[in-house]
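The values are calculated or read from the model by the stated rules, or taken from the named source; none is laboratory data. Note that the structure is a prediction, hence the values are computed from the model and not measured. Glycine gets a Cβ as well: all are built from the backbone with ideal geometry, and neighbour counts include every protein chain shown. Ligands, DNA and RNA are excluded from the accessible area calculation, which covers all protein heavy atoms including side chains. Shrake-Rupley method; radii C 1.70, N 1.55, O 1.52, S 1.80 Å.
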Amino acid sequence: MLVYWLKIVFALDIAKLPSTGSPPNRLTGATAVHDDIENRIITFGGFDYQLNQYTSELKTFSLKSLEWGILTAHSNIIPPGLDFAQMYLREDRRLFVFFGASGSGNNNEVYSYDLLKYTWKIEELTGYRMLGRFRFAFTSFTYNNITYVGIFGGLTVDEMDHNLYLVNMETLEARKMPYNDQGPWIRVGTTLTYYNNTLYMYGYIRKGLAPNDDQTGIYAYSLIEEKWTLIPAGDKPAPEMRFEHYAYLYNDEMYIIFGLRIDILYERRDIWKFNFSNQSWTLILNNIKDYKAESANVIIGSKVYLLYGRETYTVFNSILTIDLAQDIPVFEYISVNMLTPLKRMNHCDYMYIFGGLYSYGSYLNDMWRFHFTTEYWEPVIPNGDIPPARAQSACVKTSGNSFAIFGGTDGINAFDDLYFYHESYNTWIKAQVSGDKPSGRWSSCMCYYEYKYFIIGGQNIQQAFSDLWIYSYVDEKYTLVKSDFITFGIMRHNCWLTSDTDSVKINIIGGATFEFYPNPFVFTVQIFSNLYVEVSVMLYSPYVSFSETNIVISKNKLFMVYGSTWNKVAMPYFSVLDMITLNAVTKLAKLQSNEIYGHTVSHYGKAFYIFGGGISHNMGIIPNIVSNLLYKFTSDDDPDYKIPCSDGTLEPDCLPCNEGTYFMIDHCEPCPKGTYSPYISALYIEQCFPCPAGTFSPNEGSAYCIDCPCQTHCPIGTFEPKLFTENLIMTNIQPLSYSGHSKYITESVLKMWYFIVSLGLFILFIAIIFKKIWKLLSKVDVFANQHSQDLNVPIVYKRTNIGGLFSLLFILVAFVSIAGSIMNYTLNNITEIKALVPVITLGENIQAKSIMITSTFYIYGGECVSSINICSKDIEYSIKGIQFSKVDANCKIIENNCVVYLEFDDFQLEQTIASVYIELKESRSYASYIGVNITSSSSIPNEISSVFISATPPSKDYLFRGTTPTVMSYKFTPSVFTSESTEWPSFETGFHVSSYNDVVIGSLATQKTIHSQAYLRVHITIEKSDTGMTTQRKLNSTLFIFVGGLLGSVFGFMGIFTTAMAFTEGFVGYISKKEGRKVLVQDLYKNMEKLGYEFDKYKIKQASSKIRPACYQITTNYIDPN
């Protein structure tokens, strides 16, 4: 589609940050002069503490606009970096640099810089050939209408000097001045001040190094008499001895400012003035807070300007002015001290700046972060595998403020490596790669989507590329999607990505061919899930053909800011493309007289922040000139060109999302429980970090976490302290061996026996006590035909009391026996036989009716379930070596745990080793613990086999997260069940589950490194046992056998009771007969006694009478037993 771009001049609000522009690096030992024509200060050299080297840059500070600038060099001769050199600006606009120290030693050269031609040259001094030096006293003055510079002392390659030299700045003739006994001896760090045909040297030397070592006096050198004179301090107040101070003439008085005493490491924080008329000192100000040493310094009017410098532990890049016109000097900073990145171009910038080209052949790998709310820079010292210095890398933002870089160049090498920077723990990680990968290149572009990195085009020293690669962070390998998605190689382009349900679209804008021919097309490369690629042209227009530009996508608009074309022309345009209508405008937005390219653009609030880049003049690119300026672009006047609020801020005022929240389309969403976010304007939920171990956050939207209460446990990501890990122990539930009801039967029968015995004893007791009861027992005698009979006597069946007693006992015992037999037959008629056999002998396709695999991810960080209460689309599983009729997957959130259920019907193992692979791909899929429980229906009816295994990190500071799965191993033993009883099925199969091997812990992450890992994986392996288990349940007896046995036992008991009864009756009969005979004998004896008494012993003899015997009843207790 051909789109018409409207090119207009549009008023953008462009401001420098800070208003002075980015200050130079922190320096010491620089030198300065005042350029009164341009009303600016020019500084040269010094030691650069950011580059850690001496510098030769010429920097400017305009006293009109109060802005920093730079003077570039366009000559083959450039001075080395010099420290403690001195400068003088001649009327012909030539800037002279005298001597100084370089990294290789003293510099003996004098250089000049032409402010009109921007060129350096080496100047030759005539006359006395003085050696180069540093830390020397220096001043310029006019004497007899001739301009001179005076040089005293300093450290040469040979020695510390004590001579005075004058250089005629018109002829460049040097002269060594005469020296006399009153002159100062060897000194460094002193000052020279010219007043009334005399040079005044001030500064001390350590005692003993000079014959006249006055340490506080002033040495005056008369140019008329050409000799030295000492002006001693005497007893009057005078400055303490010092060196490395500043000395200036103002209102015919010499001011001494600051200074050092290095032998005792003491800073002189005062200002003194010396009156030449009365030769006296006056203390102006003491105990000055704003102190600087080793500064570039210059006096303009009444103000002394101190640029850069240091105090004890701090190095500055600020400008401090001291106004001497006031009775008490006034101190003011006209440029504040601040840290700023080095100048650079072709770097990466996503709130963080990395790498870039500093100057020709000099590449960077430092990092900086810009804080948008406070508008200040912060240096970042990262950990990990820091990428080597490079520029022109492909960069892409991933999650939060983390980003990745690919490739780039250091001027010699073309890199093919991929690095990830993780903001949460400030660490670089180098990508691990297996297999093929893109060749080394630079000037490519890169997009990111769901742990995949799309790399498009680029160049090396020989060609530009038109290939498209995908790097999978999860699989750690590249895939070449297409080697020629367009007909020409493309480089220096930009790209962005959009996604559909089954594809991603990579849009490519701008760039050029290898021959720098501009690309006027906007391509769309659609990549489907099967890696099929379709390429189309979104639009055609020469106004989108910029290279070395930067784009911003926001609210369906594309913003393209500046850039270059043909590798020669800088484009000062600000372009906007409506992504829906494809209508576009381009705006002229000049940065003073310069244009930039190779810069970066960040979007925050309603502004664009543009940093660095190469510099051009009137659209012409000037090689090797780069910037570290930061510009802020705003545009509120015209709604068509208004810069929308950035992600992370809310319309209409672009207020940022607070700590504890993150941006979600058009509102700020609170962080979930168990997490916190210390960031404002957080863009992703990944910036909500789980609470560290030992802390918790019970509420949503927390900006910090609370310490865990005593005697509670808080793993990473806890929202409610509790002691639940005690349950995370291995548990094992297996089918029990069949035991029938033997115990129940035994206990029941034993109770009945106790009852029968008790009842029998009770009946016997009652029968003995109550004779009527005893007599009634004969009526229940069932043993009438079993009583003993006498021989040769007719058989007569009779019932007896003893027979009745034994009949009752027999009935009770028979009842217990019958009841016990019936219970044993009905409840304990099974014998179970188990055996382990080779699984091949089972001869059946063993399957379990049901298998449940329950995986619990404790203290889970993701969603787990979707809005319709099913498993999240990012929770996947794969099954190998298993056959089944159906599998149901379900997920639940139980408290803070994600539980994944897999239920199989008709489960069979097709292979010896099978597996279930569960993969949680949510961006916040992590867990403090993992537990897996497998429950199988057993072949034994109504029984299960279940094993629970847990995985625990090595310490509380780790959790499960990453691509390497945690492996949990199980063994399945096939089992077969057969039964002869109708109570159970005659044949069943199933599995017995057991643990197998130790748990293999997978990838781990800490609370900070969570987002440097991807996914959460569990690999459940199931090994089929070589042996199987058979279980047989056999009947102990059939009904026929049971009835026969029951009758036999009853009649057996009857025989036993008959025998016992006969024995009892016989015994009772024997006892009765024996007792009967004894009674008979006793009765006979008594009767005989009575008869004898009657007839013999007691006979009364009387003659006249006869006594008749008394009549006695003779009884017997003998009872006939019959």
- What percentages, rounded to whole numbers, describe P(r) for the stretch 748-894 computed over all alpha carbon pairs with 10 Å bin width beginning at zero? 8, 17, 14, 10, 10, 9, 11, 11, 8, 2, 1
- Query: Quick one, which of (i) -0.58, -0.87, -1.24; (ii) -0.74, -0.90, -1.28; (iii) -0.79, -0.96, -1.22 is the actual log10 I(q)/I(0) by the Debye sum over Cα atoms at q = 0.05, 0.07, 0.10 Å⁻¹ calculated for this model?
  - Reply: (i)
- Taking the Cα atoms only, what angle lies between the long axis of helix 801-827 and the longest principal axis of the chain, rounded to 10 degrees? 30
- Query: Once Rh for the stretch 302-360 is found with the Kirkwood sum over Cα pairs, what is the Stokes-Einstein diffusion coefficient at 10 °C and 1.306 mPa s, in µm²/s?
  - Reply: 112
- Can you pull the percent of Cα pairs in the stretch 657-723 with separation above 13 Å? 54
- Message: Compute for the stretch 125-195: radius of gyration divided by Kirkwood radius, i.e. Rg/Rh, restricted to C-alpha atoms, rounded to two decimals.
- Response: 0.95
- Message: With every protein chain left in place and a probe of 1.4 Å, what is the accessible surface of LYS117, to the nearest 10 Å²?
- Response: 140
- Message: For the stretch 85-101 and the stretch 337-391, what is the centre-to-centre distance using only Cα atoms, to the nearest Å?
- Response: 33
- Quick P(r) readout (the stretch 824-934; Cα-Cα; 10 Å bins; whole %) gives 12, 35, 24, 15, 11, 3, 0
- Message: Output the 0 to 90 degree angle, nearest 10, between the alpha-carbon long axis of helix 1039-1092 and the longest principal axis computed from the alpha carbons of the chain.
- Response: 50
- Counting Lys and Arg as +1 and Asp and Glu as -1 over every other residue whose Cβ sits under 13 Å from the Cβ of GLY384, the net charge comes to 0
- Query: Which percent of the accessible area of the chain is formed by carbon and sulfur heavy atoms (probe 1.4 angstrom)?
  - Reply: 53
- Query: For ASP416, ASP48, what's the largest-to-smallest order of accessible area, 1.4 Å probe?
  - Reply: ASP416, ASP48
- Item | Per residue value of the accessible surface for the chain (all protein chains in place, 1.4 Å probe), Å² | 47
- Item | Cβ-based net charge around SER702, under 14 Å, with every Lys or Arg adding one and every Asp or Glu removing one | -4
- For ASN108 and LYS555, extending 7 Å from Cα along the Cα-Cβ vector and measuring point to point gives, in nm, a value of 6.7
- Note on the structure: The local net charge around GLU311, scoring Lys/Arg +1 and Asp/Glu -1 for residues other than GLU311 whose Cβ lies under 11 Å from its Cβ, equals +1
- Give the calculated FRET efficiency between SER758 and GLN711 to the nearest 0.05, with a Förster radius of 41 Å applied to their Cβ-Cβ distance. 0.10
- Note on the structure: Reduced to Cα centres, the span from the stretch 284-306 to the stretch 38-61 in Å works out to 18
- Task: Over 21 Å between C-alpha atoms is what I'm after, so list which of LYS751/LYS775; LYS236/LYS273; LYS343/LYS587; LYS16/LYS587 land there.
- Result: LYS751/LYS775; LYS343/LYS587
- How big, on average over all directions, is the shadow cast by the Cα convex hull of the stretch 834-1035, in nm²? 12.4
- Roll a 1.4 Å probe over the protein heavy atoms and report the accessible area of HIS617 in Å², nearest 10. 90
- Query: Along each of its three principal axes, how wide is the spread of alpha-carbon positions in the stretch 573-619, in whole angstrom units, largest first?
  - Reply: 35, 24, 16
- Report, in degrees rounded to the nearest 10, the 0 to 90 angle that the Cα long axis of helix 742-769 makes with the longest principal axis of the chain. 40
